[in-house]
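Here is the structure we will look at, set down as structure tokens.
The values are calculated or read from the model by the stated rules, or taken from the named source; none is laboratory data. Note that the coordinates shown come from a computational prediction; the quantities given were computed from them, not determined experimentally. Counting neighbours? That spans all protein chains shown, and the Cβs are built from the backbone with ideal geometry, glycine included. Surface accessibility is based on the protein's heavy atoms, side chains included, excluding ligands, DNA and RNA. Shrake-Rupley method; radii C 1.70, N 1.55, O 1.52, S 1.80 Å.
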Amino acid sequence: MFVYIIRRIIQSIPALIGIAVFSFILLHIVPGGPAQTLLGQHSTPQRIAAINRSLGLNKPLAVQFWIWFDNLLHGNFGYSYTFNQPVLQVIGEYLPHTLAIVLIAVVLSHLIAIVLGTIQGYFRNRWFDHVITTVVFFFWSMPVFWLAIMVVLIFSIYLGWFPSGGINFSNGGPGGFIGYLDHAALPVLVLVLATVATWARFMRSSMIDSMLQDYIRTARSKGLSELSVVFKHALRNSLLPIITLFGLSIPTLFAGALVIELVFNYPGMGLLFWNAALQRDYPILLGIIMIIGLLTVAGNLLADVLYSLVDPRISYK
Amino acid sequence: MVSQSTDIHMAEEPAAIAEKPMGSRAWRAFWHHPLGLAGVIGLVLIILFCFVGPLIYHASAYTTNITALMQPPSARFPLGTDDLGRNYLARLMLGGQVSLIVGFSVAIASMVIGVAYGLVSGLVGGVVDAIMMRIIDVLLTIPTLFVLLFLDAVFQPNALLLTGILAITSWFGVTRLVRSEVLSIKERDYVEASRAFGASNWHIMLRELLPNVMGTVMVATIFQVAGSIIAIATLSFLGLGLPAPQPNWGEMLSTSMNYMFQNAWWLIYPPGIALLWTLLSINFISEALQNAIDSRL
């Protein structure tokens with residue numbers, strides 16, 4: 001098991017290098033390069049050459065890559081033009097806000113999807129299944145930003161239950177932790193609605209598969225109660241594919257969070273990315289792309305390892 | 001059951017007939033699925049609305065009218081006017097054109113790339129396959145929406161460039177599907193037989209493998225159409241999509257958000273409903289198609 005984990009970590013190194021190379025290429029397709037961007041309208045060929053020299057951009061591409069990559073390995077993601085701070089420090093301020101809504105949303109939507117999918121899979125093709133399938137299909141087809149607009153309209157403007165954006169406590173309302181939850185409620189709701197559909201669909205078909213297996217027939221013929229058959233035998237086996245899906249869904253989650261943070265003006269990575277895109281702050285943009293790439297690789301790794309821990313039928317040598 | 005055209009090939013490729021992925025039976029299953037018919041009707045209606053609508057409803061989507069800003073729906077403006085006094089119905093019709101054209105173009109382009117890559121990787125196998133698939137693994141870990149936003153901010157693309165960028169970033173999934181199907185198909189007897197007759201790799205790819213992965217590819221293509229339409233709308237909604245003044249649904253929704261607190265419901269709902277209508281129709285079609293292809297097994 002330990003050997004397997006080590007091997008998987010080693011296997012994911014090429015992927016990490018691949019992401020680094022990809023980000024480096026992205027940085028170098030920027031027309032005019034960072035010098036042009038830094039100088040803006042004050043640019044002259046001499047100044048551009050001076051900055052290129054000071055940033056080392058006049059060196060051969062392979063040397064530049066090595067310097068950049070070496071910095072990256074030492075945790076140096078570069079320096080933000082607009083914040084005048086190291087990229088990692090800026091991201092460090094924004095990332096926790098995103099992680100907060102993503103983690104709460106992931107836990108909630110998994111719980112809901114597992115409950116819905118299990119009931120649906122068990123009562124396959126009955127009225128409950130049909131109703132939920134229809135609703136889920138509806139949400140599954142909705143673009144995240146439209147969902148966000150609808151949620152703001154309903155819960156913030158029509159009903160007035162939650163603030164429509166930001167995490168600013170100055171305009172009345174409760175402060176502290178409660179205030180934070182108050183402001184995170186709608187972003188979380190949108191992310192849950194946007195992701196629960198995929199997971200419920202997946203859970204339903206996984207449950208249907210499990211219910212057709214021989215061990216379910218065995219469990220029933222042993223005279224176990226239906227509750228025990230469903231929860232102890234079918235459900236536990238149906239959960240396995242969900243673990244893999246979770247690892248693979250990390251990029252989608254962050255993409256969803258990007259859109260949601262923008263609608264709600266919520267100061268997370270997505271909003272940071274968008275502002276950086278508008279101001280052409282390339283080090284921030286690439287830093288975020290790198291970090292999400294890293295999290296994706298880590299997620300896949302975690303999913304593989306968890307999968308092998310949970311499923312005794314799988315043994316890795 | 002065997003149709004006219006397959007009769008002719010019977011003599012040379014007996015095995016291929018039983019395996020025809022999108023044979024008449026699958027098509028019949030598709031049309032008998034309630035969602036299939038609903039989806040096709042829905043999609044046809046929205047295409048008529050966007051492309052034939054402007055031919056019937058002669059109103060400019062670009063003319064601004066200072067005396068009629070933010071008008072709710074009336075006899076003169078069936079869907080009201082936006083913040084610049086432009087006819088919202090005319091804009092809604094034109095707004096769908098870009099989404100639909102780019103959506104379908106991206107899907108077709110990315111399928112061509114994805115299928116070609118998957119066929120070669122699966123058929124050649126060995127080290128080449130391993131390297132080609134590791135490349136896909138890396139590409140799959142890249143957060144697409146973020147990269148799209150980055151490229152959009154750098155290049156400010158037109159419709160053609162946007163189609164290219166979206167196509168290049170969206171073929172990785174289908175390649176995996178095609179490759180895994182090819183791995184199983186290439187071991188079948190009829191491929192072996194074809195090879196024994198001295199068929200080239202090209203012949204095997206185009207005549208034996210391609211027809212048999214078409215079912216999977218069609219489902220993936222339809223999925224991709226929906227994905228691309230969402231991507232364009234999202235980019236435009238984020239203010240980094242296609243340049244003004246050409247309207248599109250994402251941009252219209254983005255503008256309408258500024259007037260949410262003034263209860264300008266006629267600006268918010270129409271583009272959202274049009275978008276949802278389109279996506280639901282496409283997803284209905286893909287659901288029915290999936291069922292039809294499964295039922296042949």
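Do we find that B:S121 is open to solvent by less than 10 Å² (accessible area, probe 1.4 Å), away from chain A (no Cβ under 14 Å) and modelled with pLDDT of 80 or more in this structure? Spell out the reasoning first.
Working: open to solvent by less than 10 Å² (accessible area, probe 1.4 Å): yes; away from chain A (no Cβ under 14 Å): yes; modelled with pLDDT of 80 or more: yes.
So B:S121 fits the description; yes.
So how many residues does segment B:268-293 have that are buried (at least 21 other Cβ atoms within 10 Å of the Cβ) and more than 11 Å from chain A (Cβ to nearest Cβ)?
5
Can you find, within segment B:143-174, the residue that is surrounded by the fewest Cβ atoms within 10 Å (Cβ to Cβ) among those that are within 12 Å of chain A (Cβ to nearest Cβ) and under 19 Å from B:A220 (Cβ atoms)? First the steps, then the outcome.
First pass over segment B:143-174, keeping only residues within 12 Å of chain A (Cβ to nearest Cβ): B:143-156, B:165, B:169, B:172-173.
If we keep only those that are under 19 Å from B:A220 (Cβ atoms) as well, we get B:144, B:169, B:172-173.
On the way: B:T144: 18, B:T169: 18, B:F172: 21, B:G173: 16.
So, considering only residues that are within 12 Å of chain A (Cβ to nearest Cβ) and under 19 Å from B:A220 (Cβ atoms), the one surrounded by the fewest Cβ atoms within 10 Å (Cβ to Cβ) is B:G173.
Any chance segment A:77-99 includes a residue that's part of a helix (DSSP H, G or I), closer than 19 Å to A:V135 by Cα, of a type in the set (A, V, I, L, M) and open to solvent by 30 Å² or more (accessible area, probe 1.4 Å)?
No, because not a single residue in segment A:77-99 is part of a helix (DSSP H, G or I), closer than 19 Å to A:V135 by Cα, of a type in the set (A, V, I, L, M) and open to solvent by 30 Å² or more (accessible area, probe 1.4 Å).
Looking at segment B:225-250, I want the residues that are more than 9 Å from chain A (Cβ to nearest Cβ) and have a partner that is among the charged types (D, E, K, R) with Cβ atoms under 8 Å, at least 6 apart or on another chain. Which pairs are those?
B:L235/B:D152; B:S236/B:E251; B:G241/B:D152; B:G241/B:E251; B:L242/B:E251; B:A244/B:E251; B:P247/B:R91
Name the residues in segment A:195-209 that are touching a Leu at 6+ places or on another chain (Cβ under 9 Å) and open to solvent by 10 Å² or more (accessible area, probe 1.4 Å), would you?
A:T195, A:V196, A:T198, A:F202, A:R204, A:S206
For segment B:181-201, state whether one or more residues are of a type outside the set (G, A, S) and in contact with a Ser or Thr (Cβ under 7 Å, 6 or more places away or on another chain). Working first, answer last.
Kept after step one, since they are of a type outside the set (G, A, S), are these residues of segment B:181-201: B:181-183, B:185-192, B:195, B:197, B:201.
Those still in the list that are in contact with a Ser or Thr (Cβ under 7 Å, 6 or more places away or on another chain) too: B:181.
Yes, segment B:181-201 has at least one match.
If A:S156 passes every condition in (1) in a helix (DSSP H, G or I); (2) at pLDDT below 80; (3) away from chain B (no Cβ under 11 Å) but one, which one does it miss?
The one condition A:S156 does not meet is (3).
I need the full set of residues from segment B:84-113 which are open to solvent by less than 40 Å² (accessible area, probe 1.4 Å) and not in a helix (DSSP H, G or I), in order please.
Those that are open to solvent by less than 40 Å² (accessible area, probe 1.4 Å) and not in a helix (DSSP H, G or I): B:G85, B:R86, B:N87.
All but one of (1) within 14 Å of chain B (Cβ to nearest Cβ); (2) open to solvent by less than 30 Å² (accessible area, probe 1.4 Å); (3) at pLDDT below 80 hold for A:N125; state the number of the condition that does not hold.
(2)
Return the total of residues in segment B:140-177 being outside any helix (DSSP H, G or I) and more than 19 Å from B:A116 (Cα to Cα). Don't jump to the end; show me each part of the working.
Start the filter on segment B:140-177 by keeping residues that are outside any helix (DSSP H, G or I), which leaves B:141-143, B:156-158, B:169-171.
Now drop any that are not more than 19 Å from B:A116 (Cα to Cα), which leaves B:141-143, B:156-158.
Adding up the residues that qualify gives 6.
Could you say whether any residue in segment A:50-63 is assigned to a helix (DSSP H, G or I), open to solvent by less than 40 Å² (accessible area, probe 1.4 Å), at pLDDT 75 or above and in contact with a helix residue (DSSP H, G or I) (Cβ under 8 Å, 6 or more places away or on another chain)?
no
Within the group A:L239, A:L235, A:L258, which residue is assigned to a helix (DSSP H, G or I), more than 14 Å from chain B (Cβ to nearest Cβ) and open to solvent by less than 30 Å² (accessible area, probe 1.4 Å)?
A:L235
One line per residue, one yes/no per condition, for (1) out of contact with any Pro (no Cβ under 9 Å at 6 or more places or on another chain); (2) within 11 Å of another protein chain (Cβ to nearest Cβ); (3) modelled with pLDDT under 80; (4) surrounded by 24 or more Cβ atoms within 10 Å (Cβ to Cβ):
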| site | (1), (2), (3), (4) |
| --- | --- |
| A:G268 | no, no, no, yes |
| A:Q279 | yes, yes, yes, no |
| A:I289 | no, yes, no, no |
| A:L295 | no, yes, no, no |
| A:L302 | yes, no, no, no |
| A:L306 | yes, no, yes, no |
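Hey, among the residues in segment B:133-142 that are among the β-branched types (V, I, T) and farther than 18 Å from A:G287 by Cβ, which one's nearest to the other protein chains (Cβ to nearest Cβ)?
Per the criteria, the residue is B:V138.
Residues in segment A:29-38: is at least one open to solvent by 30 Å² or more (accessible area, probe 1.4 Å), at pLDDT 70 or above and within 32 Å of the chain's Cα centre (by Cα)?
yes
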